[in-house]
1. One residue is enough: does region 191-209 have a residue meeting the conditions in the same structural domain as residue 297 (by TED's automatic domain parsing), within 24 Å of residue 305 (Cα to Cα) and among the aliphatic types (A, V, I, L, M)?
2. I'm checking my understanding of the structure. Among residues of region 283-317 that are surrounded by fewer than 20 Cβ atoms within 10 Å (Cβ to Cβ), of a type in the set (A, V, I, L, M) and in contact with a helix residue (DSSP H, G or I) (Cβ under 9 Å, 6 or more places away or on another chain), which one is nearest to residue 268 (Cα to Cα)?
3. Which residues, counting only those in region 226-253, are buried (at least 22 other Cβ atoms within 10 Å of the Cβ) and assigned to a helix (DSSP H, G or I)?
4. Quickly run through region 215-261 and pick out the residues that are among the charged types (D, E, K, R) and either at pLDDT below 95 or closer than 21 Å to residue 179 by Cα (or both).
5. Can you tell me which residues in region 81-102 are crowded, with 21+ Cβ neighbours inside 10 Å and outside any strand (DSSP E or B)?
6. Which residue pairs have Cβ atoms closer than 9 Å, lie 6 or more positions apart in sequence or on different chains, and pair a first residue in region 157-170 that is over 27 Å from residue 312 (Cα atoms) with a second residue that is assigned to a loop (DSSP other than H, G, I, E, B) and of a type in the set (A, V, I, L, M, F, W, C)?
7. Is it the case that some residue within region 279-301 is of a type in the set (Asp, Glu) and more than 16 Å from residue 173 (Cα to Cα)?
8. Can you pull out the residues in region 274-311 that are in a helix (DSSP H, G or I) and under 12 Å from residue 140 (Cβ atoms)?
Amino acid sequence: MPSYTALMSLKIGAGLVLGFALGGCGLGLSSRGEGVETGVGLGSKTTPRAENGSDPALKGVDLSALSTTRQQQEFWEVAGSLFAPCPDQAVPLPQCVSEERPCAACTPMTQVVADQIGRGAPKSNAKAAALARFGTDTVKAIPLHDSPAKGPANAPVTIVVFSDFECPACRAAVPLLSDMQDAYAEHVRLVHKFYPLPKHTRAKGAAYAAIAAMKQGKYWEMEELLFENQEALSEQDLERYAAELKLDMDRFKKDAASAETKAIVERDMKDAEDAGLAYTPFIFVNGRQFDSAYFRLDRDLEKWIETEVELAGARKR
């Protein structure tokens, strides 16, 4: 598979990292606090650690980022408080890995804990990140409807993104997601849904234009134009982009103004709100939120995709 570092050079740079560090384009809701414990575990029970913070029994888990004794202790405490994510394996994560239990997600879930602690995350965040990524109750069914999509319908990885055409963080993230789908074309299906934020007065009109372009088979081309020209989304601008794409202009104008088109946007907005949207881009990978409180696209998305492909293969065996 291609290097994610190479993909990063295609369209974005530091702006993506900054955009996600700031939590995207928000609705003014409170962000998640660092001191909140999430999920279930085994309380204060811990697993003994090796002298150097690593353990050969944890085959496949890289603990090299745990550079201090404190980090090593915190890793074992958090990992030992989490159960294996397979319902039929009710044992702590380290036991699941060391005994090579038939739960393929144990090793990558343990790795999330190690990565989070190694990056300096507090224990509560490391635990919450692992549960967000692999917990049994954190998968949400996001209706796909007839939303614009590319990639195989049976792909092992489905990425759903709700975005706003005036949101700077969306401008950084959505082209990257599209590039990732291109690079992992056999494994990833990308689905775009709309959430024009109320504070962005031209975002809804841009969404209508994108849907009208979709009806003529030019959604992805229009999406690219809209994000590249984020400061120019007037009605005249939108018609100019449609003409540039050689769309049937009468049909474009009719579709952009139709009740059906407006209903699609309202439907997507409800889907997002039902899923708990607090900011855009609002991203799900196989039904799990790619939460910017714990994960970054430039650092974590490629590994997330690769892990999902491996788990899909394990389920087939």
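1. Yes, region 191-209 has at least one match.
2. Filtering first and then ranking leaves 293.
3. Residues satisfying the conditions are 226, 227, 238, 241, 242, 252.
4. Result: 218, 221, 223, 224, 228.
5. Selection gives 81, 82, 84, 85, 93, 94, 96, 97.
6. Close Cβ pairs (under 9 Å, with a partner that is assigned to a loop (DSSP other than H, G, I, E, B) and of a type in the set (A, V, I, L, M, F, W, C)) amount to 164/197; 165/233; 166/197; 166/233; 167/197; 169/22.
7. no
8. Passing the criteria: only 274.
The values are calculated or read from the model by the stated rules, or taken from the named source; none is laboratory data. Since the structure is predicted, the reported quantities are computational estimates derived from the model, not experimental observations. Heads up, the Cβs are rebuilt from the backbone with ideal geometry, glycines too, and the neighbour counts pull from every protein chain shown.
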